[in-house]
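Below is one structure, written out as structure tokens; the observations come after it.
The values are calculated or read from the model by the stated rules, or taken from the named source; none is laboratory data. The model shown is predicted, which means the values in this text are computed figures rather than measured ones. Using ideal geometry, Cβ is built from the backbone for each residue, glycine included, and neighbour counts are taken over all protein chains shown.
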Amino acid sequence: MAETTIGLAGNPNCGKTTLFNELTGSNGYVGNWPGVTVEKKQATWRQDKSVTFVDLPGIYSLSPYTPEEVVSRDYIVGERPDAVINLVDVTNLERNLYLTTQLIEAGRPVVVGLNMCDLLKESGDVVDAAALSKRLGVPVIEVSALRNTNLDALVNKAVAAGRAGKVQPGAPCFSPEVEDALGRIAQLISGSCDAHLARWYAIKVFERDAEAVKALHLSSAQLNQAEKIVRAVEESRDDDAESIITSDRYDWIGEVMAACVKKAPKKLSMSEKIDKVVTSRVLGLPIFVAVMFVVYYIAVSTVGDWGTVWANDEVFGEGWELFGMAIPSIPAVVEGWLTAAGASDMVSSLVLDGIVGGVGSVLGFIPQMLVLFMMLAFLEDCGYMSRVAFVMDRLFRRFGLSGKSFIPFLISSGCGVPGVMATKTIENEKDRRMTAMLTTMIPCGAKTPIIALVMGVLIGGADAWWVAPMFYFLGLAAIVVSALMLKKTKMFAGEPAPFVMELPDYHLPALKSWWLHVWERISAYLKKAATIIFAACVIVWFLSSFGFASWEGGDGSFGFLASLPGAPEYSADYSLLAIVAGAIAWIFAPLGADSWQATAASINALIAKENLVSTFGTIYGLGEATEGDPVMWQAFAAMFTDGAGILHAGAMCAFVAFNMLDAPCFAAIGTIRRQMDSPKWFWFAIGYQCVFAWCVGLIINQLWELFVLGNFGAWTVVAFVLLAGMIFQIARPMPKTERSDEKVLAQLA
Amino acid sequence: MAASGQLPLAMVGPDEVARVARVRGDADLRQYLAELGFVEGSEIKVISRAAGDVIVSVKGARLALNRSMASRVTVTL
């Protein structure tokens, strides 16, 4: 049977993603459209593998103003799928039909699916699908993507339309005067394009859509003649051509609505009532804070914590029990295999210390992350998050950030990888880049062991309820300071883009799309754990286990340290890691953390933040000790204690601050690279993160040294200069930008 | 057009119904807002308002606009 390709088009929030997942089981290929960071999803139909669906981005129209729109129209007009399914949110029909009228003109067979008919019934409105179909000139099918009703009928219609290859003429949207002009333009350009695209291009010529018309290679004579026709209509209507087309479309849609929809008497809908409360000036913020408190309490302190303890202490620790049956831990099982297979010390060390230990510590975060992402995805899918973005916009605007930045920040508190990925919903390029750059400063799950470690030294544990919120707050403070500084640079200057966002109706998310949403994020993390972090674990293991036998009595030869003759029990000092870290430790001298151990831990933390704690364990030969272990606290404190026995708490905090704020782990760095889609911006982001983290660490350490320990030096002066520089950068007036305010506004479109 | 009775959308109170008189801004922005339903004459109901940030119902959809955006839409009551 012949292959059939079907494009799925529709407005944002019309249920298209749900439809795509329902039809394909989301088994497909996810990538980007060429040249833009717009996601491209493609997969085959579950019922019939010869049918392929291409999920087009959610758009309001086929104009050339956003990359999503350009991608969609290039696909339909240029790549010519066999048919297009236009999913329409029937509770929002008037708006959705605006896109429908344009899709119908694009020269491919269109089938319209009326989605959310179940919701419509609740409101009491009735849509006459048959009448609508007659007006539009294309098949119209009532479906529910959420409840999987009638979806097969919809696809079968589209496949049939695609195989028949008959293209509808296009809805008669325009006033007689405009229709006449379009007819004449169509005649004018008839030689330059396919017959079934004549109307499409005629409208584009009328709108002066240079991008679309370019493809026609019209002669200047043709263009001049067309221009005359357009001018005449503009003069008689006293309006510009684009507005004429838009308002004619709306007028026609208004007529269609009047003829095909019976509206029930209006009352304040449930969503409107809820919105009145959750977005109100007084209650909006407190409600949000309360919701988030509950989310993090569940994810971090209760359910998620049980899961993490189970994963770390039992599955990867001492084994556990299921219904009275003792189940050994994974390391114990692997150790058994290795012994049975007669593996050498080196192989055992690689597998147990390097791979199982490293990857295990990464997998330990999954339960907590899973719980957090389930709740965040629920809040997103039910519609609450878009309200949060709106409420937070009021606050964030003062710091030069958009309310839309807030969702990535929330997700980053679980893992920076999906956090950075979530920035792609921010339309404005500057806001998007800034958010992708700063979002990993929020402490993620992998940074919590570092927090536990420092709090263990300072107050003897991290169990106090205020510890976690304090670090989230500090992360947010770093973001705000950075945003305020960056906004004053040429690159980011200008007001944040004005905020317009559609607020979908509140609804209970369907289990499956909810889970797919969670899975998308968790799997992003898992993939990194299985690839980058796995490779990194092996490298770290190699660097810290191999070295030169340069100890007293050693022969200077290179090899696996533990097997070299005469190796001391504690051989990490002679490892390659010690050599590399020792060579660059001077960078951290002003931070007071210039021991090679601290540097090595910071290097390892770049690979994965949770490595920081385990690196101490390895270096100090503490074996299985975790961040909750007083032995570990002592070792950590000892590193910042000088010969006279004074604990340099400033240096310790500087070290922690540096590792919280610097470039995130390899996984997140890779994601930033993909998101920025430009090497220049990527290196700027990573560079900024590291330099900013270093400056903050330096300031903390030097101020502590000066005010608490009374030490003054050249670096103290540097600290004050940096501090003054930051304050100046925050306080100075906004530099003039070449872009006018209007241009910035336009970027949003 | 007479300017009397026109005000920015940012100043319309909750539960009030207004009609779009015009939209300020460059062509791209006007077009974008038009696609969202802010065309001359279309009816807008303000659902809630806080310091100029508004949530409105237009063409059956709910949209959130911040003050800077809402002051670009001029309406008549």
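Points to keep in mind about this one:
- The test for being more than 10 Å from every other protein chain (Cβ to nearest Cβ), without any contact (Cβ under 8 Å) to a residue 60 or more places away in the chain and either crowded, with 17+ Cβ neighbours inside 10 Å or touching a strand residue (DSSP E or B) at 6+ places or on another chain (Cβ under 7 Å) (or both) holds for B:VAL46.
- Here A:ASP313 meets the list (1) closer than 30 Å to A:SER329 by Cβ; (2) touching a residue at least 12 places away in the same chain (Cβ under 8 Å) almost entirely, failing just condition (2).
- Looking across segment A:570-589, the residues that are part of a helix (DSSP H, G or I) and surrounded by fewer than 20 Cβ atoms within 10 Å (Cβ to Cβ) come down to A:ASP573, A:LEU576, A:ILE579, A:VAL580, A:GLY582, A:ALA583, A:ILE584, A:ALA585, A:TRP586, A:ILE587, A:ALA589.
- Residue list for segment A:57-77, restricted to those being touching a residue at least 40 places away in the same chain (Cβ under 8 Å) and part of a helix (DSSP H, G or I): A:VAL70, A:SER72, A:ARG73, A:TYR75, A:ILE76, A:VAL77
- Listed conditions (1) under 23 Å from A:SER247 (Cα atoms); (2) surrounded by fewer than 22 Cβ atoms within 10 Å (Cβ to Cβ); (3) within 11 Å of chain A (Cβ to nearest Cβ); (4) in contact (Cβ under 8 Å) with a residue 24 or more places away in the chain are all met by B:GLY41, apart from (4).
- In segment B:49-64, residue nearest to the other protein chains (Cβ to nearest Cβ) [restricted to those that are closer than 13 Å to B:ALA10 by Cβ and crowded, with 19+ Cβ neighbours inside 10 Å]: B:ALA64
- Qualifying positions in segment A:205-240 - within 38 Å of the chain's Cα centre (by Cα) and within 14 Å of chain B (Cβ to nearest Cβ): A:GLU207, A:ARG208, A:ASP209, A:ALA210, A:GLU211
- A:SER247 surrounded by fewer than 16 Cβ atoms within 10 Å (Cβ to Cβ) and at pLDDT below 90: no
- Segment A:339-355 residues that are at pLDDT 75 or above, paired with ones that are not acidic (Asp, Glu) and not in a helix (DSSP H, G or I) (beta carbon under 8 Å, 6 or more apart): A:ASP345/A:PHE560; A:MET346/A:PHE560; A:SER349/A:PHE560; A:VAL351/A:ALA343
- Here B:ARG67 meets each of (1) at the interface with chain A (Cβ under 8 Å from one of its Cβ atoms); (2) surrounded by 21 or more Cβ atoms within 10 Å (Cβ to Cβ); (3) touching a strand residue (DSSP E or B) at 6+ places or on another chain (Cβ under 6 Å); (4) not hydrophobic (A, V, I, L, M, F, W, C) with one exception, condition (1).
- When the helices (runs of 4 or more DSSP H) confined to segment A:368-459 are screened for residues that are within 14 Å of chain B (Cβ to nearest Cβ) and under 27 Å from B:ASP28 (Cα atoms), those reaching at least 1 such residues are found at A:384-396, A:406-412, A:429-438.
- Contacts under 7 angstrom Cβ, first residue in segment A:114-133 being assigned by TED's automatic domain parsing to the domain that holds A:LEU93, partner among the hydroxyl-bearing types (Ser, Thr, Tyr) and assigned to a helix (DSSP H, G or I), 6 or more apart: A:MET116/A:THR91; A:LEU119/A:THR91; A:LEU120/A:THR91; A:SER123/A:THR91
- Of the residues contained in segment A:456-471, one or more are found to be within 25 Å of A:VAL417 (Cβ to Cβ), surrounded by 15 or more Cβ atoms within 10 Å (Cβ to Cβ) and within 22 Å of the chain's Cα centre (by Cα).
- Helices (runs of 4 or more DSSP H) wholly inside segment A:675-749 that include at least 2 residues being in the same structural domain as A:LEU661 (by TED's automatic domain parsing) and either surrounded by 12 or more Cβ atoms within 10 Å (Cβ to Cβ) or at pLDDT below 90 (or both): A:679-707, A:714-731
- Flag set for A:ILE532, criterion: surrounded by fewer than 21 Cβ atoms within 10 Å (Cβ to Cβ) and closer than 30 Å to A:LYS430 by Cα.
- The C-beta contact set for segment A:431-447 (first residue more than 10 Å from A:ILE479 (Cβ to Cβ), second residue β-branched (Val, Ile, Thr), distance under 8 angstrom, 6+ apart or interchain) comprises A:ARG432/A:THR423; A:ARG432/A:ILE426; A:ALA436/A:VAL420; A:ALA436/A:THR423; A:ALA436/A:ILE672; A:PRO443/A:ILE451; A:ALA446/A:VAL362.
- Residue count for segment A:483-542 under the criterion of being away from chain B (no Cβ under 14 Å) and of a type outside the set (A, V, I, L, M): the result is 23.
- Test: residue in segment A:250-260 that is closer than 27 Å to A:THR66 by Cβ, free of Cβ contacts under 8 Å to residues at least 40 places away in the same chain and within 45 Å of the chain's Cα centre (by Cα): no
- Yes/no for B:ARG30 being facing another protein chain (nearest Cβ under 9 Å) and in a strand (DSSP E or B): no
- Every pair of residues 6+ apart whose Cβ atoms lie under 7 Å, when the first sits in segment A:194-205 and is more than 11 Å from A:VAL77 (Cα to Cα) while the second is polar (S, T, N, Q): A:ALA198/A:SER190
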